[in-house]
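For reference, the structure discussed in these notes is given below.
The values are calculated or read from the model by the stated rules, or taken from the named source; none is laboratory data. Nothing here was measured: the structure is a model prediction, and the numbers come from that model. Here the Cβ is made from the backbone with ideal geometry for all residues, glycine too, and neighbour counts use every protein chain on show. Please note that ligands, DNA and RNA were not included when accessible areas were found on the heavy atoms of the full protein model with its side chains. Shrake-Rupley method; radii C 1.70, N 1.55, O 1.52, S 1.80 Å.
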Amino acid sequence: MLLRGTQVVEDADGVQHTTTRPVSALCRCHRSATKPWCDGTHKLLPDKLRP
Amino acid sequence: MDLPRARGAFGADLFTAMRAGDPTLLDPSAKPEHDEDAAIALWALYELHYRGFDDVDARLEWDADLLRARGALEADLETRLRSRYESPDLPDVASTDFATAFFAFVEEHDGASLAAHVQTRADQAQVLELLRLRSVYHLKETDPTAWVVPRLPARAQASLVELMYDEYGTGDPRRLHAQLFADGLAACGLSADYGAYVDEAPLEVLEQNNAMSLFGLHRRLRGAALGHLAAFEASSSLPSRRLVQGLQRLEMPAAMSRYYAEHVEADAVHEQLAVRTMCGSLVEEQPRLLDDVYFGAFSCLDLEDRLARRLLATWGVAA
Ligand code: FES
Ligand SMILES: [Fe+2]
Ligand SMILES: [Fe+2]
């Protein structure tokens, strides 16, 4: 999922993250090392775990 | 930057004529001696459209004799690239969602990995060599795709410029990707001067760079240009992470890691933009370009595979 402009995302622990780039991709597979942002990790997952 | 070193008689004559400012000196029937002679000649002719050379008159950019020579070299390169490419089953591709099919194609054509070698095994000298070779492109990162902007329909155009805004630093020259790479080079004790290492570049690096200029400078090949960009972005995020780990393992300067760390997250976004919005909307509006999008993507992955296999072989590592 892509977010545009400055936006604030709240993660599961209630911590707020502000976007730092013009477009940001939200991690939906829950496995990113840079959560809440996608870092491409989803590609390493078996098909059924991919968002 | 001055003209690079010629790699054969064809390039030597061409560069002499360029330095003299007199392309009428060229023999119109002259042919390159071999692929490397051709590749450095074409690279130099393309360079006239980017930053040019201190020892060549800037007016030669649009000289008819040079453009004719360039055209012949480009035709050879395009024929060679197309001969390596095998179209995917296009009706099949057209019946699946474009992004799903495209991401699967990139995964299937993922070749030998320099990043995996850097991550776990490369020594410093090998990494420095790789950085010098990468500098030929990374110091003009995204420039070849910038030519494509005025040649696209609105949706593809908007998304390409959105991606480029990020590549060009979102208005902050210090965040320009080419600048991040230059900072990394300098921190590693390498030259950050544009084109400094082109004389070291093997054929594969020159072909990678020439293919991007070929796709970027011909409106006819806009599909290939976007397909190339999309494949590049879609094969960058995970390798960038491996490169960060390799640079840290070797305790190399943080400024260089920063360039690759930026690409882990940036390219996870860029691949979505490039595949879904940019190429997706382009093939929807101009379906005849579908095969060229795949041609560009294949060329990107195949040229990287060729370079990786060459370097790994020189370093005595199995691909
Ligand atoms: S969606 Fe989780 S890393 Fe991409
Ligand atoms: Fe970049
Ligand atoms: Fe990118």
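Would you kindly identify the helices (runs of 4 or more DSSP H) lying entirely within the range B:180-256 that contain at least 3 residues that are touching a Pro at 6+ places or on another chain (Cβ under 6 Å)? Here the list reads B:203-217. Counting only residues that are open to solvent by 10 Å² or more (accessible area, probe 1.4 Å) and away from ligand 1 (no atom under 16 Å from the Cβ), the range B:226-256 holds 13 of them.
Selection of the range B:151-195 for residues being among the hydroxyl-bearing types (Ser, Thr, Tyr), away from chain A (no Cβ under 14 Å) and in contact (Cβ under 8 Å) with a residue 60 or more places away in the chain yields only B:TYR194. Could you list, in sequence order, all residues of the range A:1-48 that are of a type in the set (Lys, Arg) and away from every other protein chain (no Cβ under 12 Å)? A:ARG31, A:LYS48 - these are the residues of the range A:1-48 that are of a type in the set (Lys, Arg) and away from every other protein chain (no Cβ under 12 Å). The set of residues in the range B:273-294 that are within 14 Å of ligand 1 (Cβ to nearest atom) and surrounded by fewer than 22 Cβ atoms within 10 Å (Cβ to Cβ) contains only B:ARG276. Of the set (1) within 19 Å of B:ALA274 (Cα to Cα); (2) open to solvent by 40 Å² or more (accessible area, probe 1.4 Å); (3) within 16 Å of ligand 3 (Cβ to nearest atom), all apply to B:THR145 but (2).
Candidates B:GLY216, B:GLY189, B:GLY195: the one that is small (Gly, Ala, Ser) and out of contact with any Leu (no Cβ under 9 Å at 6 or more places or on another chain) is B:GLY216.
All told, A:THR6 falls short of being within 16 Å of ligand 3 (Cβ to nearest atom), open to solvent by 20 Å² or more (accessible area, probe 1.4 Å) and over 10 Å from the mean Cα position of the chain (by Cα).
For the range B:209-229, a residue qualifies if it is within 21 Å of B:LEU42 (Cα to Cα) and touching a Phe, Trp or Tyr at 6+ places or on another chain (Cβ under 7 Å), and the qualifying residues are B:ASN209, B:ASN210, B:SER213, B:GLY216, B:LEU217, B:LEU221, B:ALA224, B:ALA225, B:HIS228. For the range A:12-39, a residue qualifies if it is open to solvent by 50 Å² or more (accessible area, probe 1.4 Å) and away from ligand 3 (no atom under 16 Å from the Cβ), and the qualifying residues are A:ALA12, A:ASP13, A:VAL15, A:GLN16, A:THR18, A:ARG28, A:HIS30, A:ARG31, A:ALA33, A:LYS35. For the range B:148-191, residues that are more than 16 Å from ligand 2 (Cβ to nearest atom) and of a type outside the set (Val, Ile, Thr) total 15. Counted as qualifying within the range B:27-126 are the helices (runs of 4 or more DSSP H) with 2 or more residues that are within 24 Å of B:GLY223 (Cα to Cα) and not charged (D, E, K, R), namely B:35-47, B:64-84, B:90-95, B:98-108. Considering the range B:107-124, the residues that are touching a Leu at 6+ places or on another chain (Cβ under 7 Å) and of a type in the set (A, V, I, L, M) include one that is surrounded by the most Cβ atoms within 10 Å (Cβ to Cβ), namely B:LEU114.
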